[in-house]
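Below: one structure, written as structure tokens.
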Amino acid sequence: MLRSMTGFASKSVTVTSNSSKTTITINLKSLNSRFFESTFKLPYQLSSLELDLINLLKSQLHRGHIYLTLYANNQDMFKGTVEPSLPTVEGYLHAIDKIKLKYSLEGNLTVSDLLRLPDLFTVEEKSIDEATKKAIVETTNALIKDLIAAQTKEGAALKHDIEQRISIMEKEIDMIATASATLMEQQKEKIKKTLQEVSPNEHNAIDIQKHAAYVLLEKMDINEEIVRFKSHLKNLTATLNSEDIEKGKRLDFTLQEMAREINTIAAKCSDATISSIAINIKVELEKAREQVQNIV
């Protein structure tokens, strides 16, 4: 199973507390990221749930930037009783008495006058009850499963595309192997012919020619790189089909190693046919890496 890092899911749940009822809507969105990251947008009264929700998300989503937005349509559910701010009232009364005394003013302060002054009342913040917490956590858990289902569906498409790239690269690396073997035989024939043209009396010249020929052949030999590239292709397929959930980084590292091998092949062998096929493989590797960036 292959999972993409991108996806979206949304759910709503209705909760009741102290005769108040509200509908809570939770949206969950995931985007690509090298690591697990999370961004939350919660009502202040629910901020205590953030750590629990982070642990819940991380345990199942593993990687990606996760955005969780929670909206409650009845914010009054999270508010307690309204209480007078007695210190504030006393402060106002004391200040008014000082003004009257200082400027010899007369008049009586009424309740109506007092109510026009700001910050006379406080609203107690009420902690959410266990039933509401449980409903939010359970809804988030169900939402994660919906998100994973969406990621898995997209992951299947990614896997199909990467498998096509692997199939193309398998054929092209075989073409390089065939072209390389032919090229090596041609070079050996050229060297053999050149050595035959050297006079038997010119021993030093023959030794020098042989040494140069061996160095040239060694530099052109790309068999080791081809073998390693094919090995990486097998590892790529094995990782795609493994039961592991987190595969993106391993796939990316394998593709990086494959890019190094094909670069070495292109550098060691200047044959036009091999160089052209190597470029095709590089294109497929880049396309595969673009897809792998989306995988968990």
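Overview of values
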{"item": "Residues of the range 59-89 that turn out to be assigned to a helix (DSSP H, G or I), touching a helix residue (DSSP H, G or I) at 6+ places or on another chain (Cβ under 6 Å) and either free of Cβ contacts under 8 Å to residues at least 24 places away in the same chain or more than 16 Å from GLU124 (Cα to Cα) (or both), as a count", "result": "1"}
{"item": "LYS58 vs. criteria modelled with pLDDT under 90 and either among the basic types (Lys, Arg) or assigned by TED's automatic domain parsing to the domain that holds ASN27 (or both)", "result": "no"}
{"item": "Residues being of a type in the set (Ser, Thr, Tyr) and either touching a helix residue (DSSP H, G or I) at 6+ places or on another chain (Cβ under 8 Å) or touching a residue at least 24 places away in the same chain (Cβ under 8 Å) (or both) - total across the range 90-110", "result": "1"}
{"item": "Selection from the range 100-118 of residues that are surrounded by 10 or more Cβ atoms within 10 Å (Cβ to Cβ) and either of a type outside the set (Lys, Arg) or in contact with a Cys (Cβ under 8 Å, 6 or more places away or on another chain) (or both)", "result": "LEU109, ASP113, LEU114, LEU117"}
{"item": "Selection from the range 231-269 of residues that are surrounded by fewer than 18 Cβ atoms within 10 Å (Cβ to Cβ), in a helix (DSSP H, G or I) and of a type in the set (Asp, Glu)", "result": "ASP252, GLU257"}
{"item": "Of all residues in the range 1-34 being surrounded by fewer than 16 Cβ atoms within 10 Å (Cβ to Cβ) and of a type in the set (Val, Ile, Thr), the one that is farthest from the chain's Cα centre (by Cα)", "result": "THR16"}
{"item": "Given (1) exposed (fewer than 11 other Cβ atoms within 10 Å of the Cβ); (2) touching a residue at least 60 places away in the same chain (Cβ under 8 Å); (3) among the hydrophobic types (A, V, I, L, M, F, W, C), number of the condition LEU56 does not satisfy", "result": "(1)"}
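The values are calculated or read from the model by the stated rules, or taken from the named source; none is laboratory data. Worth saying up front: this structure is predicted, and the values here are computed from it rather than measured. For neighbour counting, all protein chains shown are included, and Cβ atoms are generated from backbone atoms with ideal geometry for every residue, glycine included.
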